[in-house]
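Encoded as structure tokens, the structure appears first; notes follow it.
Just so you know, all these numbers are worked out from the coordinates, no wet-lab data involved. Note that the structure is a prediction, hence the values are computed from the model and not measured. Neighbour counts run over all protein chains shown; Cβ positions are idealised from the backbone, glycine included.
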Amino acid sequence: MTETEIRERMAARLLSAQTPWGRARLNFYVKWKRTAWNFTTGLAYFFKRVFDIFVSVIALILLAPVFLGIAIAVKLDGGPIFFRQTRYGLHGREFGMLKYRSMCVDAEAKLKDLLAKNEKKEGITFKMKDDPRITKIGKIIRKTSLDELPQFLNVLKGEMSIVGPRPPVRREVELYEQRHRRRFNVKPGITCLWQVGEREGGLFEIGDRNSIDFEEQVDLDVRYIESQSFWKDLWLLLKTVPAIVFGKGA
């Protein structure tokens, strides 16, 4: 349908709405479209939630020995096993995101002294080569993204999804512009387009996420939000494994 045809159809509906029968038909049409949209989106959210729960339960069961091994290694390295950090998720709500602790206990306090060495030029996200706050065990589990495994518990609680924009910390949100807040339209995820380096939309595309700056991360997150589907989520989950194995997620 061309733009002219759409305008003509809209004009005809507005004209017909000037009569009682026309207004009744228009109100019925609007309510029907709204109901159909709510049903469609509600069904999509339901299946996404089922997918999240299923994958999380399977992962927690199959990876139980890995969870235990990492927990012991982190504990022997000194300090608590888990690191709980305030992040922002759906509609900008705060929640405590879990990770295996990969940094020294006072890492947050030391961040202020390291901001000048930030490798991310836009300054919103933080990245530093040879970050002195990272522990010996931390280097290993961060390299392989194993520090992210406890987030399956966040998914079970409904705070996160398997696939979705990565949840930002307070310092990042305070620097957000209005368009960056579109990330809050969906639940945050464990993996996403830029986590696997999918920049051009290629089916088998896997790239280096470290080469993607913040603005492009936002663009990719918005692209995902506008085109998300069950099959896309499944494929991104499968692509996350080779992305980690080949070092693209380091």
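Things to note:
- DSSP bridge analysis restricted to segment 47-245 gives an antiparallel fraction near 80%, rounded to the nearest 5.
- Rounded FRET efficiency, nearest 0.05, which uses the C-beta distance separating I140 from L62 and R0 of 35 Å: 0.95
- Gain in span if fully extended, D219 to L156, counting 0.36 nm per residue against the direct Cα distance: 19.9 nm
- Put a dot 7 Å past the Cα of N27, heading toward its Cβ, do the same for V169, and the two dots end up 5.4 nm apart.
- When +1 charges are put on Lys and Arg Cβ atoms and -1 charges on Asp and Glu Cβ atoms, the dipole computed for segment 47-245 relative to its Cα centre reaches about 480 debye.
- Segment 41-173 - percent relative contact order, Cα under 8 Å, separation 6 or more: 32
- With both labels modelled 7 Å from their Cα along Cα-to-Cβ, the R84 to V105 distance reads 1.7 nm.
- Using the Cβ-Cβ distance between L114 and R181 with R0 = 22 Å, the FRET efficiency computed as 1/(1 + (r/R0)^6) comes to roughly 0.25.
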